[in-house]
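These notes are about the structure you will find just below.
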Amino acid sequence: MAAARWNQAITDFKLAIKYKYNLEQQFKIHHKIGQCFIKKKSYKKAVSSFTTALELVNKQALNLNENTRKEFNKILVDCINKFSAKADDVKKTVEDFKPLNPSNIDPRVTDQVEVLETVGKGRNAFAKNNIPVGSILAVVDAIGPHLNPDNAAQREFLEPSSSGDWPVPVNNDVEKFSLLFQMAMNEKEVSEETHARHSLVVVLLLRALRKTTYYKDGGLETPAEKFSQQELLLGKLMYKLRLIQDMNSHPIWGVSRSQKDKIGKDHIGAGLYTGIGSYFNSDCNPNTFRVNIGKKMLLIASKNIKRGQEVMDNYCIHFSELPTVTRRPWIQEHFLFYCECEACEEDWPTYSNLPQDRPNQKIADKLVALEMENIECIEKGNIDKAVESHKKEITLIQGGLSEPHQLPVTIRNSFQFCWWKKVVQYLQQLEQADPVNV
């Protein structure tokens with residue numbers, strides 16, 4: 001409260017109540033919660049907290065000092081009378097990000113993408129219709145599964161589904177985790193050292209679990225020596241999760257506005273995003289890019305994608321940043337596949353060695369005008385307009401230049417920068433609408 005972090009204070013006070021801190025004085029905690037809600041101008045919730053506090057004061061009257069009871073009774077009655085008539089401050093709503101025409105089967109992903117599974121090639125996502133640049137193709141939260149080994153239904157996770165229909169239904173946690181356990185592992189390509197490392201970690205985790213209240217809380221007897229069938233099932237799940245994590249983790253970035261024209265990004269972790277990793281293959285010159293808002297990941301079209309074209313993600317590094325001779329072995333080492341994308345097959349050069357020839361004068365003049373508009377929009381904080389200007393630039397470049405070329409790479413990076421600015425602006429709008437720790 002002293003730091004004016006009202007939401008955090010409310011959370012702390014509620015935890016104190018949950019864990020029965022100072023039972024005889026809990027009315028004071030409810031009073032504090034009410035004060036926090038007043039600071040947030042949430043008067044209905046404040047009155048509710050004051051009312052609960054008053055009920056506790058009257059309920060515990062015999063256990064309280066008479067002066068304390070009278071004092072708090074008066075304070076709480078005055079608060080209830082004062083704030084009951086006040087209307088809550090209506091917060092400005094902030095529009096959330098959603099995929100372009102969400103799929104009825106997996107609403108995290110656009111229905112403009114058709115995912116096909118072919119023998120020997122796995123899953124490939126293709127555009128069902130022309131997809132405009134800047135379209136949000138997926139909005140996915142990271143999965144952090146906590147599985148119950150006593151639930152026999154979860155044994156299906158150990159074996160992949162035989163269904164060839166994609167996307168698969170994702171309507172509940174069981175379906176989400178089922179999709180998670182069907183993600184690629186390339187287990188046969190994993191080195192013996194990696195298998196040994198995962199095995200050792202899983203054994204240590206299972207042994208450590210015996211030192212917790214896991215079995216007691218479940219009404220089970222802690223195994224004494226050999227691993228039980230329940231432990232072996234849990235161990236298999238943990239082992240498979242570690243292999244899946246190795247192959248499918250996406251980086252999570254923390255973003256902030258460090259300066260007017262810069263975005264500060266910190267690599268703060270990694271997450272498993274089944275709505276992206278399960279459907280979209282990798283390409284070193286992809287037609288998408290990713291940004292994240294906390295643990296939520298957005299997949300955005302970085303080009304105009306024609307009907308029938310494959311929609312591609314990028315698992316590691318763009319071709320312009322690392323030469324094929326270095327990039328390809330890195331992909332094979334970390335993701336256990338030999339990249340056969342066009343940039344790798346044709347050994348496209350890195351940025352400084354790419355062609356720099358200008359498009360025809362008519363297109364060049366339009367690009368200059370749009371670039372000036374971009375700069376002005378970013379300086380004035382009109383990020384949405386800057387995003388629209390970038391879309392026009394990308395469309396002009398796609399129609400006037402052939403890749404590989406410096407200009408498409410430059411505008412892609414600039415477009416992605418705009419989206420990071422958009423993320424920062426979105427977080428700032430959330431803070432203004434309802435100040436929380438975002």
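Read-outs: derived from the displayed coordinates by stated rules, not from any lab. For clarity, every value in this text was computed on a predicted model and none was experimentally measured. As a convention, Cβ positions derive from the backbone with ideal geometry for all residues, glycine included, and neighbour counts pool all protein chains shown.
Using the Cβ atoms and a cut-off under 11 Å, what net charge is assigned to the surroundings of Phe289, where Lys and Arg are +1 and Asp and Glu are -1? Each step should come with its number before you reach the end.
On the way: positive: Arg290, Lys303, Arg412; negative: Asp313.
Result for the local shell: +2.
Using the structure shown, list the pairs from Lys41/Lys74; Lys306/Lys380; Lys59/Lys216; Lys82/Lys295 with a Cα-Cα distance above 30 Å, or answer none. Please report the intermediate quantities before stating the final value.
Numbers: Lys41/Lys74 22 Å; Lys306/Lys380 33 Å; Lys59/Lys216 35 Å; Lys82/Lys295 41 Å.
Result: Lys306/Lys380; Lys59/Lys216; Lys82/Lys295 exceed 30 Å.
Of the candidates Thr395, Thr324, Thr93, which one comes out as most mobile in a Gaussian network treatment of the chain with C-alpha springs shorter than 10 Å?
So, out of Thr395, Thr324, Thr93, the one fluctuating most is Thr93.
Looking at (1) 71, 63, 45; (2) 57, 55, 41; (3) 87, 65, 36, which value of Cα extents along the principal axes in Å comes from a calculation on the structure shown?
Among (1) 71, 63, 45; (2) 57, 55, 41; (3) 87, 65, 36, the one derived from this structure is (3).
Report the residue, chosen from Asp283, Asp106, Asp357, that carries the largest GNM mean-square fluctuation when the chain is represented by alpha-carbon nodes joined by springs under 10 Å.
Asp357
Ranked from highest to lowest mean number of other Cβ atoms within 10 Å per residue, what is the order of the peptides 179-191, 293-305? Numbers along the way, then the final one.
Details: 179-191: 16.0, 293-305: 21.7.
In descending order of packing, they fall as 293-305, 179-191.
Give the order of Phe50, Phe177 when sorted by the count of other beta carbons within 10 angstrom, beginning with the fewest. Present the calculation step by step, with values, prior to reporting the outcome.
On the way: Phe50 28, Phe177 20.
Placing the least packed residue first, the sequence is Phe177, Phe50.
For the chain, find the longest principal axis of its Cα atoms and tell me its angle to the long axis of helix 229-248, 0 to 90°, nearest 10.
50
By count of other Cβ within 10 Å, fewest leading, how are Cys377, Cys284 ordered? Provide the component values of the computation, followed by the final result.
Numbers: Cys377 20, Cys284 25.
The order, fewest Cβ neighbours first, is Cys377, Cys284.
Which GluC sites (Glu not before Pro) does the stretch 344-420 hold that lie in a coil by DSSP with at most 13 other beta carbons within 10 Å?
On the way: sites: Glu345, Glu346, Glu371, Glu373, Glu376, Glu379, Glu388, Glu393; in loops: Glu346.
Those satisfying the criteria are Glu346.
Cα to Cα, under 20 Å, and not fewer than 8 places away if on the same chain: which aspartates and glutamates meet these conditions relative to Lys45?
Within the straight-line cut-off, Lys45 pairs with Asp12, Glu55, Asp78, Asp88, Asp89, Glu431, Asp434.
Return the subset of Lys385/Lys422; Lys18/Lys39; Lys32/Lys296; Lys28/Lys70 for which the Cα-Cα distance in this structure is over 21 Å, preserving the input order.
Values: Lys385/Lys422 11 Å; Lys18/Lys39 23 Å; Lys32/Lys296 33 Å; Lys28/Lys70 14 Å.
Table pairs above 21 Å Cα-Cα are Lys18/Lys39; Lys32/Lys296.
Would you mind checking which residues have amide H under 5 Å from Met297's amide H? H placed 1.01 Å from N; only 5 or more apart, or other chain.
The answer is Val140, Asp141, Ala142.
Suppose only helical runs count, i.e. DSSP H with n ≥ 4. What mean residue ellipticity at 222 nm does that imply for the chain under -39500 (n - 2.57) per run, divided by all residues and rounded to the nearest 500 deg cm²/dmol? Don't skip to the end; give the middle numbers.
Values: 14 runs with 199 residues, N = 438.
Rounded to the nearest 500, the figure is -14500 deg cm²/dmol.
Where does each of Trp420, Trp330 land when they are ranked from fewest to most other beta-carbon atoms within 10 angstrom? The partial results should precede the final answer.
Values: Trp420 19, Trp330 13.
Ordered by Cβ neighbours within 10 Å, fewest first: Trp330, Trp420.
Could you work out how far the C-alpha centroid of the stretch 350-367 sits from that of the stretch 34-102, in angstrom?
62
Taking 8 Å as the Cα distance limit and 6 or more residues as the minimum spacing, I'd like the relative contact order of the stretch 28-148 as a percentage.
Numbers: 126 pairs, mean separation 21.8, N = 121.
Averaging sequence separation for qualifying contacts and normalising by length gives 18 percent for the stretch 28-148.
From the Cα gyration tensor of the stretch 234-360, with a ≥ b ≥ c the square roots of its eigenvalues, which class applies: rounded if a/c is under 1.5, or else prolate if a/b is larger than b/c, or else oblate? Write out the running numbers ahead of the final one.
Numbers: a/c = 1.72, a/b = 1.26, b/c = 1.37.
Note, shape of the stretch 234-360 comes out oblate.
Give the relative contact order (percent, whole number) for the chain; include only Cα pairs under 8 Å separated by 6+ residues.
Values: 613 pairs, mean separation 68.1, N = 438.
Rounded, it is 16 percent for the chain.
Would you mind telling me the antiparallel percentage of the DSSP bridges in the chain, rounded to 5?
Values: 31 of 32 bridges.
Expressed as a percentage, antiparallel bridges in the chain total about 95.
If you line up the long axis of helix 66-84 against the longest principal axis of the chain, both from Cα atoms, how many degrees apart are they, to the nearest 10?
The angle comes out at about 50 degrees.
Need one word for the stretch 6-84: rounded, prolate or oblate. Basis is the Cα gyration tensor (sqrt eigenvalues a ≥ b ≥ c); a/c below 1.5 gives rounded, then a/b vs b/c decides.
Working: a/c = 2.49, a/b = 1.20, b/c = 2.08.
Taking the square roots of the gyration eigenvalues as a ≥ b ≥ c, the stretch 6-84 is oblate.
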